[in-house]
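Here's the structure, in structure tokens; my notes come after.
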Amino acid sequence: MLVAQYSAQLFAGGAFRVGVCCTLSFSTPSDLAVYLPSQGTAATLTQSWVNPALNRGGSLGGEVSALKLNVRVSDPGGLPPGFGNLIVNVETLDGAGVALRGKTVRQVLDEAESIPRSGPKASASVYATAAQRINSRYGLDNNGQVADPSLLACP
């Protein structure tokens, strides 16, 4: 699992933290591994949690945590390097007034982490779906190209 393999860089600054106002904080790789994958109805966080073993934030919490993990692993040259800089390339991820086409994976992650706790459920659902679809394309083909260029494109 990526968490164990890249624990030094994921936890270099202390806890692995997801979110802005209300957060999910994981003290160790095993704490994060217990939480992932977190599923259920996408929901914004209404408070901060440390080492949550239960599903907090539903699929939004789980998918955004996984997306942040994938971007952080990619930043120092993990595979694929530059994942956070890839461009979202489909309008089908747009919904509920949230336009994602043309944004980088990192921008989508920043927006997903910043959904206010009082934000509309539609936004939580849109970002959970977007993060899930982006996470499912995390990887390169045998030629070093993005595995699914219909969703992600190089800048």
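The values are calculated or read from the model by the stated rules, or taken from the named source; none is laboratory data. In this text, all values refer to a predicted model and were calculated from it rather than measured experimentally. With ideal geometry, Cβ positions are generated from the backbone for all residues, glycine too; neighbour counts draw on all protein chains shown.
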Yes/no for residue 27 being within 17 Å of residue 113 (Cα to Cα) and in contact (Cβ under 8 Å) with a residue 24 or more places away in the chain:
no
Within region 88-97, take every residue that is buried (at least 17 other Cβ atoms within 10 Å of the Cβ) and in contact with a helix residue (DSSP H, G or I) (Cβ under 8 Å, 6 or more places away or on another chain) and give me the one that is modelled with the highest pLDDT.
88
Taking region 9-24, which residues are on the phi > 0 side of the Ramachandran plot and free of Cβ contacts under 8 Å to residues at least 60 places away in the same chain?
14
Of (1) assigned to a loop (DSSP other than H, G, I, E, B); (2) surrounded by fewer than 16 Cβ atoms within 10 Å (Cβ to Cβ), residue 33 fails just (1)
Are any residues in region 68-88 more than 16 Å from residue 9 (Cβ to Cβ) and part of a helix (DSSP H, G or I), and if so, which ones?
85
Conditions (1) surrounded by 21 or more Cβ atoms within 10 Å (Cβ to Cβ); (2) of a type outside the set (Asp, Glu); (3) in a strand (DSSP E or B): number failed by residue 45
(3)
Subset of region 75-87 (residues that are at pLDDT below 80 and either on the phi > 0 side of the Ramachandran plot or surrounded by 15 or more Cβ atoms within 10 Å (Cβ to Cβ) (or both))
77, 78, 80
